[in-house]
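First comes the structure, then the notes that go with it.
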Amino acid sequence: MQIIQQPQALHVVGIALRTHNGEAFETIPPHWAAFGQAQLAKRLPHRLSDDVYAVYTNFENAGTDNSGRYTLVIGHAVPGHTPELPPEGLTHVVAPASTRAVFPVERGRIDLVGAAWQAIWQRTDLKKTTLADYERYQPDGSIHIHIGLAPTPGTP
């Protein structure tokens, strides 16, 4: 794990799913399949890169924990100043600038992401914000999970 400062908000446009942890292992894999079929890269000419983001946001218990329903948006980062609305059927979400704990997942091992999340949510040493967390998948197979952290006293 590494602690970083994400100085700017991350803007992602993609396809949305409303789910909860009790059904996630059944609902999220088909959502990823739908993302693959949607060929969003072709629909988002202003995307910042070919990196794929899976943003978890709109938590039912935002600021408290990840129990309850949340929204998962899988897509690509776009410039924050893009004035137009997302293409039809797509959603725009924002992961705010913040301090983040970044957890690497073994390169190319998408099958290990679920277990990594379970380990992260078991940690009691991190004050998680539960506002907008995300996975970043890079073309070279790198996978990182970014968790928003509450500021510690005395920091902005």
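The values are calculated or read from the model by the stated rules, or taken from the named source; none is laboratory data. Only a predicted model underlies this, so the values are computations on that prediction, with no experimental measurement involved. Please note: Cβ atoms are built from the backbone with ideal geometry, for glycine as well, and neighbour counts cover all protein chains shown.
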Could you grab me the full set of residues in region 140-156 that are loosely packed, with under 15 Cβ neighbours inside 10 Å, at pLDDT 90 or above and either in a strand (DSSP E or B) or touching a strand residue (DSSP E or B) at 6+ places or on another chain (Cβ under 9 Å) (or both)? 142
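Quick check on region 87-96. Is at least one of its residues of a type in the set (A, V, I, L, M, F, W, C) and in a helix (DSSP H, G or I)? Outline the logic, then answer.
Within region 87-96, the subset of a type in the set (A, V, I, L, M, F, W, C) is 90, 93-95.
Filter once more, keeping what is in a helix (DSSP H, G or I): none.
Checking region 87-96: not a single residue is of a type in the set (A, V, I, L, M, F, W, C) and in a helix (DSSP H, G or I).
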If I filter region 3-20 for residues that are touching a Leu at 6+ places or on another chain (Cβ under 9 Å), of a type in the set (Val, Ile, Thr), modelled with pLDDT under 95 and over 18 Å from residue 146 (Cβ atoms), do I get at least one hit? yes
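Run down 71, 124 and say which single residue is among the polar types (S, T, N, Q), modelled with pLDDT under 95 and within 24 Å of residue 22 (Cα to Cα). Let's see the steps before the verdict.
Details: 71 fails: modelled with pLDDT under 95.
The conditions single out 124.
Return the residues of region 48-65 that are within 13 Å of the chain's Cα centre (by Cα) and in a loop (DSSP other than H, G, I, E, B); say none if nothing qualifies. Reasoning before the result, please.
First, the residues of region 48-65 that are within 13 Å of the chain's Cα centre (by Cα): 51-59.
The answer is 51, 58, 59.
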Enumerate the pairs (first residue in region 21-43 and in contact (Cβ under 8 Å) with a residue 24 or more places away in the chain and closer than 15 Å to residue 137 by Cβ; second residue anywhere and surrounded by fewer than 12 Cβ atoms within 10 Å (Cβ to Cβ) and not hydroxyl-bearing (Ser, Thr, Tyr)) with beta-carbon separation below 8 Å, excluding pairs fewer than 6 apart on the same chain, so at least 6 apart or on different chains. 41/50
Answer from 8, 37 - the residue that is under 24 Å from residue 85 (Cα atoms), out of contact with any strand residue (DSSP E or B) (no Cβ under 6 Å at 6 or more places or on another chain) and not in a helix (DSSP H, G or I): 8
If you take the residues of region 1-16 that are among the hydrophobic types (A, V, I, L, M, F, W, C) and buried (at least 17 other Cβ atoms within 10 Å of the Cβ), which of them is nearest to residue 132 (Cα to Cα)? 10
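Going by the structure shown, is residue 19 surrounded by 14 or more Cβ atoms within 10 Å (Cβ to Cβ), part of a helix (DSSP H, G or I) and either charged (D, E, K, R) or touching a His at 6+ places or on another chain (Cβ under 9 Å) (or both)? Full working, then the answer.
Details: surrounded by 14 or more Cβ atoms within 10 Å (Cβ to Cβ): yes; part of a helix (DSSP H, G or I): no; either charged (D, E, K, R) or touching a His at 6+ places or on another chain (Cβ under 9 Å) (or both): yes.
Here the answer is no, as residue 19 does not meet what is asked.
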Taking the condition of being within 19 Å of residue 4 (Cβ to Cβ) and within 15 Å of the chain's Cα centre (by Cα), how many residues in region 66-112 meet it? 13
